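Below is one structure, written out as structure tokens; the observations come after it.
The values are calculated or read from the model by the stated rules, or taken from the named source; none is laboratory data. Note that the coordinates shown come from a computational prediction; the quantities given were computed from them, not determined experimentally. Neighbour counts run over all protein chains shown; Cβ positions are idealised from the backbone, glycine included. Protein only, heavy atoms only, side chains kept; ligands, DNA and RNA dropped before computing areas. Shrake-Rupley method; radii C 1.70, N 1.55, O 1.52, S 1.80 Å.
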Amino acid sequence: QVQLVESGGGLVQAGGSLRLSCAASGTIFSINVMGWYRQAPGKQRDMVAVISSGGSTGYADSVKGRFTISRDSAKKTLYLQMNSLKPEDTAVYYCNIKQAGMNDWGKGTLVTVSS
């Protein structure tokens, strides 16, 4: 099992930026996919961005061009740079890793975007 700890959330005005980090501990296999998901109040958890161990990325249409996912494998850390934030980006953001049939989640970090 991998432990994931998110940080970097907070309150920001619309148009602002935040950078989320996710520190992983435990065994990380060479083939994996890490990602950021978010869940707004009363809504389901949705994918925001994913990145494979090979560096391929994918984004939800709602964040394309505004968010950038990256990873530092040596530091076992995942990042999400969020620019041009909108009130509809308000949610709890969760870090996830899928590997070897396992699926681990962090506890989340709250991002609140005020209008």
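For region 10-115, give the share of DSSP beta bridges that are antiparallel, in percent and rounded to the nearest 5; count only bridges with both residues there.
Counting DSSP beta bridges with both partners in region 10-115, the antiparallel share is about 90 percent.
Using a probe radius of 1.4 Å on heavy atoms only, what accessible surface per residue do you get for the chain? Whole Å² is fine.
53
What's the longest piece of the chain with no exposed trypsin sites (Lys or Arg not before Pro), counting a site as exposed if DSSP puts it in a loop and it has at most 16 other beta carbons within 10 Å?
Between exposed loop sites, the widest span is 1-42.
At a Förster radius of 25 Å, what calculated FRET efficiency corresponds to the Cβ-Cβ distance of SER115 and ILE31, to the nearest 0.05?
In this case the efficiency is close to 0.05.
What is the percent carbon and sulfur in the accessible area of region 1-109, measuring with a 1.4 Å probe over the protein chains and ignoring ligands?
51
Using a simple charge model, +1 on the beta-carbon of Lys and Arg, -1 on the beta-carbon of Asp and Glu, nothing else, what dipole does region 20-74 show about its Cα centre, in debye to the nearest 20?
Its charge dipole is roughly 160 debye.
Region 1-100: which chymotrypsin sites (Phe, Trp or Tyr not before Pro) are DSSP loop and have at most 11 other beta-carbon atoms within 10 angstrom?
Sites meeting the loop and neighbour criteria: PHE29.
In debye to the nearest 20, how big a dipole does the chain give about its Cα centre with +1 on each Lys and Arg Cβ and -1 on each Asp and Glu Cβ?
That gives a dipole near 60 debye.
Provide the convex hull volume over Cα atoms per residue for the chain, in Å³.
Given the Cα convex hull of the chain, per-residue volume reads 93 Å³.
Specify the residue with the greatest mean-square fluctuation among ILE51, ILE97, ILE31, computed from a Gaussian network of the chain linking alpha-carbon atoms under 10 Å apart.
Per the Cα network of the chain with a 10 Å cutoff, ILE31 tops the list.
Relative contact order for the chain: what percent, with Cα pairs under 8 Å and sequence separation of 6 or more?
37
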